[in-house]
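Derivation of every value follows stated rules applied to the coordinates shown; laboratory data play no part. No experiment lies behind these values; they were computed from the predicted model shown. For neighbour counting, all protein chains shown are included, and Cβ atoms are generated from backbone atoms with ideal geometry for every residue, glycine included.
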Amino acid sequence: MASKTILVADDHPLIRDAFRLAIEAMYDDVQVIEACSIRDALDKMDDCMALDLILLDLRMPDAEGFSGLALIHAEQPEVPILVVSAAEAALPRAVPNVMAQSAS
């Protein structure tokens, strides 16, 4: 069993691959679980014993606004979530909302 387990949830396969490669380069003993949607992430979270980190794209096809973040956080509130997004212009406005979601 890997010493670290990280879930990468992004709807773009190339982004998931890039994160997986970067994570695997940083850790010798890591399991990277990939999910292409919020539903897929929730299903994989159900199958996983313990996660150490979740990398989550805010703009997923089956999520509106911060609904994906809220669902993921509600499922495993003790797991840190790193929000990633290609919507660079929206990020400064989104940070307070993301922080509020993660605090609740």
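Could you tell me how far the Cα centroid of segment 36-54 sits from the Cα centroid of segment 65-82, in Å?
So the two Cα centres are separated by 10 Å.
So how do 39, 16 line up by other beta-carbon neighbours within 10 Å, fewest first? Intermediate values should be presented prior to the final figure.
Details: 39 15, 16 19.
Sorted ascending by nearby Cβ count, the order is 39, 16.
Quick one: order 49, 26, 60 by neighbouring beta-carbon count within 10 Å, fewest to most.
Result, fewest neighbours first: 49, 26, 60.
Pick out, in residue order, every one of the GluC sites (Glu not before Pro) in segment 20-72 that is DSSP loop and has at most 11 other C-beta atoms within 10 Å; say none if there are none. Present the calculation step by step, with values, prior to reporting the outcome.
On the way: sites: 24, 34, 64; in loops: 64.
In loop regions of segment 20-72 (DSSP not H, G, I, E or B), the sparsely surrounded GluC sites (Glu not before Pro) are 64.
Neighbouring Cβ atoms within 10 Å as the yardstick, rank 3, 85 fewest first. Please list the in-between numbers first.
Details: 3 10, 85 14.
Fewest-to-most ranking of 3, 85: 3, 85.
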